[in-house]
There are 4 protein chains.
Amino acid sequence: MKNTFGNSLTLTLFGESHGPAIGAVLDGLPGGVPVDPDIIASLLAKRRPSSAIDTGRREADEFQIVSGVFEGKTTGTPLCILIPNEDKHSADYQSLYGKARPSHADYAAFCKYHGFEDYRGGGHFSGRITAALVAAGGILIPMLEGLGITLGTHIKSCAGVVDRDFEDIQKDIDALNAGDFPVLDNQRIAEMTAEILRAKSELDSVGGVAETAVLGMPAGVGEPWFDSVEGMLSHALFSLGGVKGVEFGSGFSMADSRGSLCNDAFRMQKDKIVSETNHNGGINGGITNGMPLVFRCAVKPTPSIARMQNTVDFLKKENVTLEIMGRHDPAIVRRICPVIRSVTALVLCDLLCTRYGTDIFLKGRDAL
Amino acid sequence: MKNTFGNSLTLTLFGESHGPAIGAVLDGLPGGVPVDPDIIASLLAKRRPSSAIDTGRREADEFQIVSGVFEGKTTGTPLCILIPNEDKHSADYQSLYGKARPSHADYAAFCKYHGFEDYRGGGHFSGRITAALVAAGGILIPMLEGLGITLGTHIKSCAGVVDRDFEDIQKDIDALNAGDFPVLDNQRIAEMTAEILRAKSELDSVGGVAETAVLGMPAGVGEPWFDSVEGMLSHALFSLGGVKGVEFGSGFSMADSRGSLCNDAFRMQKDKIVSETNHNGGINGGITNGMPLVFRCAVKPTPSIARMQNTVDFLKKENVTLEIMGRHDPAIVRRICPVIRSVTALVLCDLLCTRYGTDIFLKGRDAL
Amino acid sequence: MKNTFGNSLTLTLFGESHGPAIGAVLDGLPGGVPVDPDIIASLLAKRRPSSAIDTGRREADEFQIVSGVFEGKTTGTPLCILIPNEDKHSADYQSLYGKARPSHADYAAFCKYHGFEDYRGGGHFSGRITAALVAAGGILIPMLEGLGITLGTHIKSCAGVVDRDFEDIQKDIDALNAGDFPVLDNQRIAEMTAEILRAKSELDSVGGVAETAVLGMPAGVGEPWFDSVEGMLSHALFSLGGVKGVEFGSGFSMADSRGSLCNDAFRMQKDKIVSETNHNGGINGGITNGMPLVFRCAVKPTPSIARMQNTVDFLKKENVTLEIMGRHDPAIVRRICPVIRSVTALVLCDLLCTRYGTDIFLKGRDAL
Amino acid sequence: MKNTFGNSLTLTLFGESHGPAIGAVLDGLPGGVPVDPDIIASLLAKRRPSSAIDTGRREADEFQIVSGVFEGKTTGTPLCILIPNEDKHSADYQSLYGKARPSHADYAAFCKYHGFEDYRGGGHFSGRITAALVAAGGILIPMLEGLGITLGTHIKSCAGVVDRDFEDIQKDIDALNAGDFPVLDNQRIAEMTAEILRAKSELDSVGGVAETAVLGMPAGVGEPWFDSVEGMLSHALFSLGGVKGVEFGSGFSMADSRGSLCNDAFRMQKDKIVSETNHNGGINGGITNGMPLVFRCAVKPTPSIARMQNTVDFLKKENVTLEIMGRHDPAIVRRICPVIRSVTALVLCDLLCTRYGTDIFLKGRDAL
């Protein structure tokens, strides 16, 4: 479905970096879900460039809900949220058109759209579009919380600095969502910042790994074969520009392990069935097993770097060199964390709707 | 869509391990595509347990095409392929029901289906079902080849033994598809076999990494944001039971790298635009860029091991121990390679249909 | 989605008239729904040619459930039902190929499938395929009944003979489903039969109107704009070969009426909100309003008639005459009634699943 | 998919009558299709209340394309078109809430959305929303015309006045699209107007039948079983509030006819295969046969009439009387014609994309 994701609760994404606005339509919401503009704004703020390690550009992210909300609550009909773009100086883009920025979508989009793509600032492929996902997250995350489901994303590693693992997951999630810089061990903030700034000073960029934990998902959610929890989450997560790898639970490290070491033994914890370890990241056979969901996304280094790079001019079909001007993020892994959290919320809300019906979000946790 | 995958060309999967048959329905095929039962059979043979490192069970994999083929060619209407299950001794499963095999779908399925799931041999969650995917691959892979698109999957690593990388990709793909044991360096066969058998003798199992390369995909294919090449491929790949991680191009290793090191510089190669490196695995912004597609799947160790394991009886809600009897694969990474290849073919055929229309497979490479 | 229908509960149809088998895959069923082969068989019997007014062909309609049922109940995984075709004498079809039977799919299918379609007996476009829909109905109709929702279809008119309207709907539905010839006024049976046989003796065929009533649908079901009750029902109903018109409530006659005459005034009936009339057929704004659903399908005369007809040979591109041999139904309106009832059940089950979640069919009417 | 329609080229609809804006997102368009704001505006003008027979309300229908168009052409990424609502006096709606307007969606929507629906002016169920469909038509209709496919909709009958049938279809379509009042026989304009005004003066409303013809569709388009031309068209057409019946070709009148009278005999017309009659409306077996598409929609009388009506207050659960104030259309059949035309264009564009791929609209008629 191209720019629409979800089976029961869907999100449709639209917009270009330098067009009048970007936005999203959420459909399949029940009527009666509270929509709090402050929560949306605070989530957008977490994605917005703000710290020393982000791009120097400033975005306002004013948003407008143009449908689907009435008297502060969802109506149950499509909710369209619009984020106007501010005036951009786009004139200079025209002269650059044709020079494919390496590891960007420029050339691939040209092949797909035959040169009709809006190339200014990456157009529809700009990270800018993720603001609409985060705005949607500002509606969906509280819906999950109303069912007792919470989630948080932290920078597991960046520029050689490694954050600690999730420990007390509920506490860790709460801390992440309260803080500005999404790491579990706050001592890592200075180290990461220093390393990122060092890369920046070397006209370079760094990648990182973002790790997400979800607490409170009931067992029995997921629609395998194809619409398994892993299938749906990865589909949505790989839609994010910089994500080049996704792994659940112990992921790639399980490939080097043995069954005796990474099978998760079930045990009774009073009346509740849990597993002693969680190498499978809370998912067996594509279905939640009641344990926390845990997964990681590999985020590649920002492809926009200030160095001179080799590339081609795909219009002229010749080799050229390219110097990308302007202010760019030396690392996007911090800013992608709220995006991943929002995308995760979308997938989980959709799977919950499929299983429990549209109105589950009005009913509270006891109905799960 | 639960057990249906694809937008333009869809596959619907059905069947249980111990039911009368498993199968798949392919819809959206054009009329006129040759269907060669021998190719299907030879692909099924590659998935079938046969070597020392596989389960001792023997499966016949007789298949029947019950619709959609007439006089050796697709009709354009739904193609249903059926693989009957042979008689299984299922009586003994009943006494085991309730004892959740660790890292299997048993408990999660029980939660989802309320105890009505067919639990015998893993039911719908058995790896057995992948035979239907491979059978479909026997139709889809030749369709791609008719467009000049070839693909191969090898065991990149297993039990500590590492295969070499793709080098001359076309030659490597051809060799893989001609051989029995999917590695690029045949010297690794004995080593892997030995290590797998060692794990087996220790009543244990191993995982591995399967790597796939696709040659010949035209630039400009993919439907981002959501139905990007990565999004669609990962969605389908994570539907496979043992897959716990997927990465494209340099994947997770890019997270530790720098933009200056892993940006893929475009260059003219005569008239053709290529990139000097391929860290992005042939995909920019979710769209093919004309370079080879490369991705890896992390496959966890087979959860069925012969050791006594701790678990719960979810019916009685008590801790128990479990000894899984029978013959199991100490490693599935070899047998999953043709499955991954088939699933990849499904995704690529679907994306090509979306872009070029249903009849592209009748037109040949010049029409791309 | 071509041969798949439904959003939450889907049916995928496959098969050709002269292939090995036809069938359907139902996906999205909950686990635990009883499946009674006798009910399926009795519904198939209602569709089967049996009376003087049907084709002289005899079909056995043996069916096999190859997946998705375990110990007499649905497992929750895809349910594939297969109906083998009996041996047909297909050799003589080849000589006829190219001569387009008027008002059949022959020529249109040739254009779509480029001559690769299975042309024998109409192939995938044969009314034969509706047997798979009826078999599915044998599972879905009892699911609705478990929620207190019943439905019946009668021949409203055929060959100039008009049946009475629904009166005591529950009683009428019960009588229809118990009887062999679906009319409300049994006195019409002889008249209709006589008129149909008269047409047959004149080497001709007749059409008719089939009317359906559904009792017990809760108010508030339907997903407008597009997946309104009318949109979904008509989509599925027009998939049936002979259906050329669908109208809800007073339908086309409302076009000639006035608002004051055909607005349905709401009234309290004790605690319940009802409408005094039901010109809207139980649907307002695409959503059920709690009144009975009522709609009619126009069924065209069977296009296969024994007279010499003008047509073209589309292979030779020349005018020819055609005499359709064999035994054909002079009217299909009787046999289409159980098909319409089954298709209606599919649509309503799907819409109920979307609203209430997969498990609603396990919960009983109080959960609506 | 609720408020999204289409498989290959999709439209997502959003907005409420009294919210900030209504709009639509078109996805799956190729890059490079010209978008002419004047065409959109002129189509919107045809839907806008303007004549004596329409509501006295005046709507501006200013629209804004917020994404997917660059330098006057589609980019190939989602095209969002927004139509702001003008300030409405909504305060008085609150006191009316609960009093279900007969034959409106009020009560059904209350049941579905639990009282959270935006009830002002019909909210999401207002005919107002069709403006977004017409705006989309302003993009889609020229795309069809670029392929040599034209379509027109006229009032076949209204208030007892009957327009003539299509004769020289191309000429008739051209005249319809050039004129203001969509009838084929201009002498009917005064008669219809008089009858409609008579109904209005009697505080009443009238319905009508709208008939559409499409010229130039290639043979072989349609995706039966389910996504047949009839299935897809009816699905979309029944999404329009007032439509209660849809019939193709001779429709319901075929139910009273005989095979010998309504089979369409094929004949060679020089090199082209045509049929002598067109009772099947250009569709056989759900697939176009190259003849003109013809279908009719029954439009019920506007439910808003100025008379006192019986109804219930669904909040208080009591019988009440209701007088609907304000200015309403005594007939919507004129204004629905451009809506039907736009919706038809959407369905046909989608089916063409499915068959020929995304880029067909850049290639011209020879590529069909």
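The table that follows gives values for the structure above.
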| read-out | value |
| --- | --- |
| Chymotrypsin sites (Phe, Trp or Tyr not before Pro) within the range C:246-333, DSSP loop, no more than 10 other Cβ atoms inside 10 Å | none |
| All lysines inside 17 Å of B:K171 as judged from Cα atoms, apart from same-chain residues fewer than 8 positions distant | B:K156 |
| Size of electric dipole in the range A:243-288: Cβ of Lys, Arg +1 and of Asp, Glu -1, about Cα centre, debye, nearest 20 | 80 debye |
| Within the accessible area of the protein assembly as shown (1.4 Å probe), percent carbon and sulfur | 51 percent |
| Label point at C:Y97 placed 7 Å out along Cα→Cβ; residues across the range B:31-69 whose backbone nitrogen lies under 17 Å | B:31-35, B:67-69 |
| By average C-beta atoms within 10 angstrom, highest first, the peptides A:10-16, D:300-306 | A:10-16, D:300-306 |
| Shielding by other protein chains, A:23-32, mean Cβ within 10 Å | 6 |
| Heavy atoms of A:R101: accessible area, 1.4 Å probe, square angstrom to 10 | 50 Å² |
| Where rotation carries A onto D, the chain A residue whose Cβ is nearest that axis, in whole Å | A:T12, 2 |
| Relative contact order of the range B:32-116, pairs being alpha-carbon contacts under 8 Å that are 6 or more residues apart, as % | 22 percent |
| List of the range C:205-219 residues, accessible area with partners at least 10 Å² below that of the chain alone (1.4 Å probe) | C:S205, C:V206, C:G207, C:G208, C:V209, C:A219 |
| Inter-copy spacing of B:R164 label points, which lie 7 Å from Cα along Cα→Cβ, given in nm from shortest upward | 4.6, 8.1, 8.7 |
| Label distances, nm, D:E86 versus same residue in remaining copies, Cβ-directed 7 Å point | 3.4, 7.0, 7.8 |
| For A:S157, distant residues with modelled amide H under 5 Å away | A:D163, A:V209 |
| Those GluC sites (Glu not before Pro) in the range B:62-166 that DSSP places in a loop and that have at most 14 other beta carbons within 10 Å | B:E62, B:E71, B:E86 |
| Label-zone membership for the range C:249-284, site D:K317, 7 angstrom Cα→C-beta point, backbone N under 14 Å | C:268-274 |
| Neighbour net charge for D:Q187 - beta-carbon separation under 13 angstrom, K R +1, D E -1 | -1 |
| Long-range Cα-Cα pairs in chain D (distance over 40 Å), rounded percent | 15 percent |
| At 1.306 mPa s and 10 °C, Stokes D of the range A:256-356 from Kirkwood alpha-carbon radius, µm² per second | 86 µm²/s |
| Relative contact order computed over the range A:213-349 (Cα-Cα under 8 Å; 6+ residues apart), in percent | 28 percent |
| Surface accessible to a 1.4 Å probe, per residue, for the residues of the protein assembly as shown, Å² | 31 Å² |
| Nearest-10 value in Å² for the accessible area of D:M325, using the 1.4 Å probe | 130 Å² |
| Ranked order, D:L144, B:L215 - accessible area, probe 1.4 Å, largest first | B:L215, D:L144 |
| Viscosity 1.306 mPa s, 10 °C: Kirkwood-radius Stokes-Einstein D of the range A:1-71 over Cα pairs, µm²/s | 110 µm²/s |
| Total formal charge among the other residues, if their Cβ is under 13 angstrom from that of C:A213, Lys/Arg +1 and Asp/Glu -1 | -2 |
| Peptide C:273-283 - average C-beta neighbours from other chains (10 Å radius) | 4 |
| With all protein chains modelled, accessible area of D:D36 [1.4 Å, Å²] | 60 Å² |
| Size of the range B:29-106 as Cα extents on the principal axes (Å, biggest first) | 49, 29, 24 |
| Cβ-placed point charges (K, R +1; D, E -1), dipole of the range D:65-214 about Cα centre in debye, nearest 20 | 560 debye |
| Mean separation of Cα contacts under 8 Å (6+ apart) over length of chain C, as relative contact order % | 23 percent |
| ³J(HN,Hα) computed for each position of the range B:354-362 - Karplus, 6.51 cos²θ - 1.76 cosθ + 1.60, integer Hz, glycine/proline x | 4, 7, 10, x, 4, 8, 3, 6, 8 |
| Cα-Cα over 29 Å, subset of A:K2/B:K244; D:K200/D:K316; D:K73/D:K244; A:K363/C:K2; A:K270/C:K73; C:K300/C:K363 | D:K200/D:K316; D:K73/D:K244; A:K363/C:K2; A:K270/C:K73; C:K300/C:K363 |
| Backbone HN-Hα couplings from phi across the range C:110-115 [Karplus 6.51/-1.76/1.60, Hz, Gly and Pro as x] | 4, 5, 6, 9, 6, x |
| For B:D185, inter-copy label distances in nm, listed shortest first [label point 7 Å out on the Cα-Cβ vector] | 3.5, 8.7, 8.8 |
| Placed amide H near A:K73: partners under 5 Å, 5+ positions off or other chain | A:V35 |
| Size of charge dipole - chain A - debye, nearest 20, with Cβ of Lys, Arg +1 and Asp, Glu -1, no other charges | 520 debye |
| Vicinal HN-Hα couplings computed from phi for the range A:290-304 (Karplus, 6.51 cos²θ - 1.76 cosθ + 1.60; Hz; Gly/Pro x) | x, 7, x, 6, 9, 8, 10, 10, 7, 10, 6, x, 3, x, 7 |
| For the protein assembly as shown, alpha-carbon Rg over 2.2 N^0.38 Å | 0.88 |
| The range A:149-255: GluC sites (Glu not before Pro) in DSSP loop, at most 16 other beta carbons within 10 Å | A:E167, A:E202 |
| Sequence-distant residues sharing a close amide H with B:T302 (under 5 Å, placed H) | B:V206, B:I332 |
| Neighbouring partner chain Cβ atoms per residue of D:350-359, average, 10 Å criterion | 5 |
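The values are calculated or read from the model by the stated rules, or taken from the named source; none is laboratory data. Note that this is a predicted model, so its numbers are computed, not measured. Neighbour counts run over all protein chains shown; Cβ positions are idealised from the backbone, glycine included. These area figures cover heavy atoms from the full protein model, side chains too; ligands, DNA and RNA do not enter into them. Shrake-Rupley method; radii C 1.70, N 1.55, O 1.52, S 1.80 Å.
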